[in-house]
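Comments concern the structure below.
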Amino acid sequence: MKRYYLGIDNGTTGTTALLLDENWEQAGRGYCPLTQVYPADGWVEQDAEEIWRSVLAAVEAACRDAGAQPQQIACLGLDNVGETVVLWDRRSGKPLCNAIVWQDRRTAKTCDAMKEEHGDFVMKRAGVHIDPYFSATKIRWMLDHVDGAREKLVAGDLLAGTMDAWLFWNMTRGALFATDFSTASRTLLMNLHTGQWDDGLLDLFGVPKPILPEIRGSAGLYGYTDPDVFLGVRIPIAGGIVDQQAALFGHACFTPGMAKCTYGTGCFLLMNTGSTPIASPHGLLTTAAWQLDGKKIYALDGGVYVAGAAIQWLRDKLKIIENTAQTEQMAVEAGSSGGVYFVPAFSGLAAPHWDSYARGTMVGITGATTREHIVRAALEASAYQVKDILDAMNADTGLAVPRLRVDGGSVVNRFLMQFQADLLGIPIDVPQITEVSALGAAYLGAVGAGHAEPADIAANWKLARTYEPAMSEDERKTLMHKWHRAVERAKDWIEE
């Protein structure tokens, strides 16, 4: 009987399941979209039970696509969005509220008030800035505002977790309540050096330790799916990791200085920095990459809140495109951006700016501006933001990344990939399997179950296409200068 390895990627806009066969080739893929809810300006929520249902639907679809039975799955690994968090009842297993998504900015003022006095303390222990992006202030907000939360806390019936902990809990019908080293590093509550919940951080943010999951390594036997709730089968759960680190692992970026960028709803660039965490004076995050056999690996992390989401906005809100596939040709037809620069700071700016009060800005519009110019400017915005982050990484580490491995939905856009290579001045490598977060999760599950080693993964990475840079240094500098002028106009827009 054939054996398959399952990787589950819980993303922001959907859940993807990937089945690999015994030759590490993609055998099947399933996808289930997810709904986002916007209750107020800057607030973003999701239904946690819908997220759980999406996992089952995506895995079933992957099995159908591969012609496989769930009984043939040897093990699974899961990656998750990281900072999205929810509260639920230990007894009933029901959420007390919607999950608060990583993009949510409702705790911005709380974070501002804490930064001045506690910013250095938090940075030294957690490795990241105090920002509403992370889970800690979200959990505290829910404890203070969700009906019944405090009562269930007192009764010992309250649990809080990122989406991995929530999904593991549901897969095992409550038998497993755990997260991994990399996901825990996204909460502001874990000590980056010890890999454990930090009492000082917990006290500062007002989050009780008993409601949080156990922190484990990124690969190893976590537990087993419960057949009554997971497709009728008992599958070893052998890997867990946050989504961008899953992509770093899936790209086989195992050597310090190797980097990858994922182009999705947002845009996320990670560089492997090895066994020593590197502090960033240039606005990046020092974060956990993964932990294997007790060995901790770290990364520098730069995130862009809005990348592909800007194209979705053009389609769904402005309706100047019908589908994302047409943007490539429109950008080429435009010839240039026509002097238009689009800063898609819909919910603020992340690395390296960390401005919760920035908002979307489009500058350089004239009577000659066409929808093609606007589409091109929206695509270029992703590349400009990645350029800023990679420059910061090179400055922080003293390394010059020689080439960038990329993945995500937008890598099919040849205009964007070529423009990105031109701006960075280095080659861009696109792999054959572009669902690299799910791929990394599957690999980790196989490692944790004893079916693979990192060397096998590195040997299996396959190149589909390389984009070589063709832009002059003078043109690159001119474009970046104008981009930075546009960014300054977007900053600090919200006054109240």
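Computed from the coordinates by the stated procedures, all read-outs in this text should not be read as laboratory data. Just so it is clear, the structure is predicted and the values come from calculations on it, not from any experiment. Ideal geometry is used to build each Cβ from the backbone, glycine not excepted, and the neighbour counts take in all protein chains shown.
For region 210-321, what class follows from the C-alpha gyration tensor (a ≥ b ≥ c being the square roots of its eigenvalues): rounded when a/c is under 1.5, otherwise prolate if a/b is larger than b/c, else oblate? Walk me through the numbers on the way to the answer.
On the way: a/c = 2.29, a/b = 1.17, b/c = 1.95.
Oblate, since a/c reaches 1.5 and b/c is not below a/b.
What is the Cα centroid distance between region 281-351 and region 62-102, reported in whole angstrom? Computed from Cα coordinates, the inter-centre distance equals 25 Å.
So how strong a dipole does the chain carry about its Cα centre when Lys and Arg Cβ are +1 and Asp and Glu Cβ are -1, to the nearest 20 debye? Intermediate values should be presented prior to the final figure.
Details: 44 positive and 59 negative charges, 53 e Å.
In debye, rounded to 20, the chain gives about 260.
The lysines whose alpha-carbon is closer than 26 Å to the alpha-carbon of residue 387, local same-chain residues fewer than 8 away aside, are 260, 462, 477, 482, 491. When shorter helices are ignored and each DSSP H run of at least 4 residues is given -39500 (n - 2.57), the per-residue value for the chain at 222 nm works out to -10500 deg cm²/dmol.
If you take the Cα centroid of region 354-397 and the Cα centroid of region 472-496, the two points sit 7 Å apart. Please list, by residue number, every one of the GluC sites (Glu not before Pro) in region 254-334 that is coil in DSSP and has at most 10 other beta-carbon atoms within 10 Å. Here the GluC sites (Glu not before Pro) that fit, given the DSSP loop and packing criteria, are 322.
Prolate is the label for region 4-244, because a/c, from the alpha-carbon gyration tensor with a ≥ b ≥ c as root eigenvalues, is 1.5 or above and a/b exceeds b/c. Pairs of Lys residues in region 4-244 are counted when their Cα atoms are under 28 angstrom apart and they lie 8 or more places apart or on different chains; the count is 15. Estimated at 0.36 nm per residue, the fully extended path between residue 329 and residue 147 surpasses their Cα-Cα distance by 60.5 nm. For the chain, compute Rh as the Kirkwood radius over C-alpha pairs and then the Stokes-Einstein diffusion coefficient at 4 °C and 1.567 mPa s; write the answer in µm²/s, rounded to an integer. Estimated via Stokes-Einstein, D reaches 57 µm²/s.
Oblate is the label for region 419-496, because a/c, from the alpha-carbon gyration tensor with a ≥ b ≥ c as root eigenvalues, is 1.5 or above and a/b does not exceed b/c.
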